[in-house]
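Notes follow once the structure below has been shown.
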Amino acid sequence: MTSPILGGDKMDKRHTDVFHGTTILAVRHKGKAAVAGDGQVTLGSIAIKHHARKVRRIYNDMIIVGFAGATADAMNLSDRLEKKLEQYNGNLIRAAVELAKDWRTDKYLRRLEAMMIAVDDSKMLLLSGNGDVIEPDQGIIGIGSGGSSAQAAAEALMKHTDMDARKIVEEAMKITASLCVYTNDVVTVEEI
């Protein structure tokens, strides 16, 4: 199976099957960055929660993270990223690379089933369990079940409207919620 987010690189089955319960979208546009996440939590084919917060601020509110995958695993990764940020004085790239190294080599961490987007005032990164740390070319990245739809909608909105980053993620998430059964219209947005 290939991943549209990672440019077609093959991902193992463990990292493609678990991310069907959320949509996270990050956009950098007009000097601002916005990260949005839907609020739906799905257990199998049943939506069991509608107002979850999958986007949050860490490291003295200077970094925004959004996660897809198993909630406990994603929170664990978020906490670990924050510790790395403290260790490397807020350097997001260095912290992300060090976390990815740990994630790839540590027996416990390798079992975590989550992906994460991390954004600061100048960088936007995707972190995966395969040890990937990817900075998108266009300033847009989406993960989760509706990630591809949200990313495509955001790209179109960025090219064909005069919206700012926050409005783009809000509108792209509305479009995605109308298409993806694992994404709802209860959206959390954080902006830098």
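The table for this structure:
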item: Extension gain from Lys49 to Leu179, taking 0.36 nm per residue of separation minus the Cα-Cα distance; result: 44.9 nm
item: Trypsin sites (Lys or Arg not before Pro) lying in DSSP loop within the stretch 37-67, provided at most 11 other Cβ fall within 10 Å; result: Arg53
item: Placed amide H near Val41: partners under 5 Å, 5+ positions off or other chain; result: Ile48, Lys49, His50, Ala52
item: Rg and Dmax [Cα atoms of the stretch 13-181; Å; Rg one decimal, Dmax integer]; result: 15.1, 47
item: Efficiency of FRET from Cβ geometry, Arg94 and Asp121, R₀ 22 Å, rounded to 0.05; result: 0.90
item: Full-extension gain in nm, Asp102 to Glu191, via 0.36 nm per residue minus C-alpha separation; result: 29.2 nm
item: Length-normalised contact order of the stretch 82-125 in % [C-alpha pairs under 8 Å, at least 6 apart]; result: 27 percent
item: Hits among lysines - C-alpha to C-alpha of Lys49 under 20 Å, sequence gap 8 or more where chains match; result: Lys174
item: In sequence order, calculated HN-Hα J values of the stretch 173-187 (Karplus, 6.51, -1.76, 1.60; Hz; x Gly/Pro); result: 5, 4, 4, 5, 4, 7, 10, 9, 5, 9, 10, 10, 9, 8, 10
item: Lys30 paired with Met75, simple spin-label distance in nm, labels 7 Å along Cα-to-beta-carbon; result: 3.6 nm
item: Whole-number percent relative contact order across the chain, with pairs defined as alpha carbons under 8 Å at least 6 apart; result: 31 percent
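Coordinate-derived values only; no laboratory data. Because the structure is a prediction, the values reported are computed rather than measured. Cβ coordinates were reconstructed from backbone atoms using ideal geometry, including for glycine residues, and neighbour counts include every protein chain displayed.
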